[in-house]
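Some notes on the structure that comes next.
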Amino acid sequence: MPQARRVVAQHVQNSCESRSAAIIPLIFTKCKSIFTVKGLLYRGHVIYCVSYILRDFLKLEGYIMKLDYTIWDPTKNITLLVSSPVPRAEQADVAAKLMAERPRVEQVGFLEDASLPGAVLRLQMMGGEFCGNASMSAAAYAARRDGLDSPDIPLEVSGYGGLLRCRLDRRDDGLWGTVNMPLPERIAAAELPGIGDVPAVVFNGITHCIVPADAITREAAEAAVRPLCAALTADACGILLYDESASAFTPLVYVRSTDTAVWESGCGSGSAAVGAYLASRANASKTANLRQPGGTITVSAEWKNSRVFALTITGHVALLEQGNCEV
């Protein structure tokens, strides 16, 4: 049995990773009877039994979380919403694991109890940023969960000060959401190596840089987005490859806390950034239907007294999956 003990120890160590030193002695204490059985257990059986004991023990000690989740499709910007409680300090790591196991998921949000009066829930994004598409998804989740008849769903959302109202409209072609987006703090310029200054629309939590689509390759954008985010001291950063003649853009979004850079199929805050930029440049209100890889998002930017006065986006949202998992 000494060889079996060594193999089980290695298996437990691999399963527990960095926390194994504290857990392994407890595991062996709980399952030492396995090693006293003579001639009944082969090495593989020992590993099989201990792995299940380990899993149950880790659940009991809080090292493994069982999470309820839904996956939503707001203009193909596939969004996973976790409805089980997850401590804020662990959300970035949990989000990274969930995304690694589900390649189609582009972002993760965590649904929490709201502290703001009137809000039906709080949406906390994985990097603490604001996301319009995830807000639409959270509103659709709340309406479905609570059986809400009102088209206006009040939310509390990370990166947004005050009560966010999302309007849900049921049409022949499905559910559509309209979100009042946060207003940009400023519209400035950012230097992109090899290109020069580009418009940078700064929101609380995320800054979007609008770059002519023919001025940079996808590979160059991927190489630039992390240092750009650091230079802007932003929690998240987007590089939007914008083709103005086609009223279209392709968004690359980097989130610092999870160190994830994703070519998104649709970006709500990116759409708002383009709308704000167009209104600022024209010194007038603007509405645009912005084509993105996953579909079209409509942005409306109201311009008043030399600033963006109101900003909304409208897009399609649908439920793809509901389930639970362990991380």
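The values are calculated or read from the model by the stated rules, or taken from the named source; none is laboratory data. Fair warning: this is a prediction, and the values are worked out from it, not measured in the lab. Note that each Cβ is placed from the backbone with ideal geometry, even for glycine, and that neighbours are counted across all protein chains shown.
Summary of values
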{"item": "Pairs, first in the same structural domain as Ala230 (by TED's automatic domain parsing) in the range 192-204, second part of a strand (DSSP E or B) and of a type in the set (D, E, K, R), C-beta under 7 Å, six or more apart", "result": "Asp197/Glu191; Val202/Arg186"}
{"item": "Condition met for Ala318 (surrounded by fewer than 22 Cβ atoms within 10 Å (Cβ to Cβ), among the aliphatic types (A, V, I, L, M), within 26 Å of the chain's Cα centre (by Cα) and closer than 19 Å to Pro212 by Cβ)", "result": "no"}
{"item": "Residue in the range 241-253 that is outside the structural domain of Ala100 (by TED's automatic domain parsing), modelled with pLDDT of 95 or more, of a type in the set (A, V, I, L, M, F, W, C) and in contact with a Ser or Thr (Cβ under 6 Å, 6 or more places away or on another chain) present", "result": "yes"}
{"item": "Filter result (assigned to a helix (DSSP H, G or I), over 17 Å from Ala188 (Cβ atoms) and hydrophobic (A, V, I, L, M, F, W, C)) within the range 216-253", "result": "Ala220, Ala221, Ala223, Ala224, Val225, Ala246"}
{"item": "Residue check, Gly238 surrounded by 22 or more Cβ atoms within 10 Å (Cβ to Cβ), in contact (Cβ under 8 Å) with a residue 12 or more places away in the chain, in contact with a helix residue (DSSP H, G or I) (Cβ under 7 Å, 6 or more places away or on another chain) and farther than 19 Å from Glu302 by Cα", "result": "yes"}
{"item": "Number of the condition not met by Met99 [criteria: (1) surrounded by 14 or more Cβ atoms within 10 Å (Cβ to Cβ); (2) more than 29 Å from Pro293 (Cα to Cα)]", "result": "(2)"}
{"item": "Verdict on Ala276 being in contact (Cβ under 8 Å) with a residue 12 or more places away in the chain, among the hydrophobic types (A, V, I, L, M, F, W, C) and in a strand (DSSP E or B)", "result": "no"}
{"item": "Residue within the range 250-270 that is buried (at least 22 other Cβ atoms within 10 Å of the Cβ) and aromatic (Phe, Trp, Tyr) present", "result": "yes"}
{"item": "Residue within the range 294-311 that is touching a helix residue (DSSP H, G or I) at 6+ places or on another chain (Cβ under 9 Å), at pLDDT 95 or above, farther than 19 Å from Gly177 by Cα and aliphatic (A, V, I, L, M) present", "result": "yes"}
{"item": "Candidates Gly205, Gly266 - the one that is at positive phi and either modelled with pLDDT under 95 or in contact with a strand residue (DSSP E or B) (Cβ under 8 Å, 6 or more places away or on another chain) (or both)", "result": "Gly205"}
{"item": "Out of Ala223, Ala190, sole residue that is of a type in the set (A, V, I, L, M, F, W, C), surrounded by fewer than 20 Cβ atoms within 10 Å (Cβ to Cβ) and either touching a helix residue (DSSP H, G or I) at 6+ places or on another chain (Cβ under 6 Å) or at pLDDT 95 or above (or both)", "result": "Ala223"}
